[in-house]
């Protein structure tokens, strides 16, 4: 299911946001899941940001779940497409566009040539329990990610994305 959804979403995003964002077209750099917990599919993809600072226009809301804000051209970030009441299946341009921006230790955002280690996880997964993620805060599925030192989970809490690193540390 995730591959088919990404095959639809990536070209739509590439065309609509040309000059602003460029999806990274490598296997595993896009996934679908119910990230906002509304029962409909959403998309999370790695994109190259082609502008300095937060992209102006293009109906994109920048949020900063990582440590520091970062604004250079060519940086890799996540673009989340969240379903809304007006969303229709396969019309990804009607979805809310959230750019998860900032300086991040996530490996897939530091090395575009590497194979992605992104993995979708549910609230009941052993990884969520092991990383001590507050389950009551997660609104939907989450993404397990490798960082420079530890594992981390990226999840939607109903208002923003939260980057939760392993509290045990490296």
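Compute a Gaussian network model of the chain, connecting alpha carbons closer than 10 Å, and tell me which residue from 152, 86, 115 fluctuates the most.
The residue that fluctuates most here is 86.
Sort 99, 93 so that the residue with the fewest other Cβ atoms within 10 Å of its own Cβ comes first and the one with the most comes last.
Lowest to highest Cβ neighbour count: 93, 99.
Rounded to the nearest 500, what is the chain's calculated 222 nm mean residue ellipticity when only DSSP H runs of at least 4 contribute -39500 (n - 2.57) each, over all residues?
Rounded to the nearest 500, it is -3500 deg cm²/dmol.
Could you give me D for the stretch 54-94, from Stokes-Einstein at 10 °C and 1.306 mPa s, where the hydrodynamic radius is the Kirkwood radius over C-alpha pairs? Units µm² s⁻¹, please.
Answer from the Stokes-Einstein relation: 127 µm²/s.
Can you sort 155, 64, 95 by how many other beta carbons sit within 10 Å, fewest first?
The most exposed by this proxy come first: 64, 95, 155.
Would you please give the FRET efficiency between residue 84 and residue 127, computed as 1/(1 + (r/R0)^6) with r the Cβ-Cβ distance and R0 = 30 Å, to the nearest 0.05?
0.60
What residue among 57, 71, 19 shows peak mean-square fluctuation when the chain is described by a Gaussian network model with Cα springs under 10 Å?
Top of the fluctuation ranking is 57.
Fewest to most neighbouring Cβ within 10 Å: what's the order for 84, 51?
84, 51
The numbers here are math on the coordinates, done by the rules we state, and not lab data. Here the structure is a predicted model, which is why all the values come from computation and not from measurement. Neighbour counts run over all protein chains shown; Cβ positions are idealised from the backbone, glycine included.
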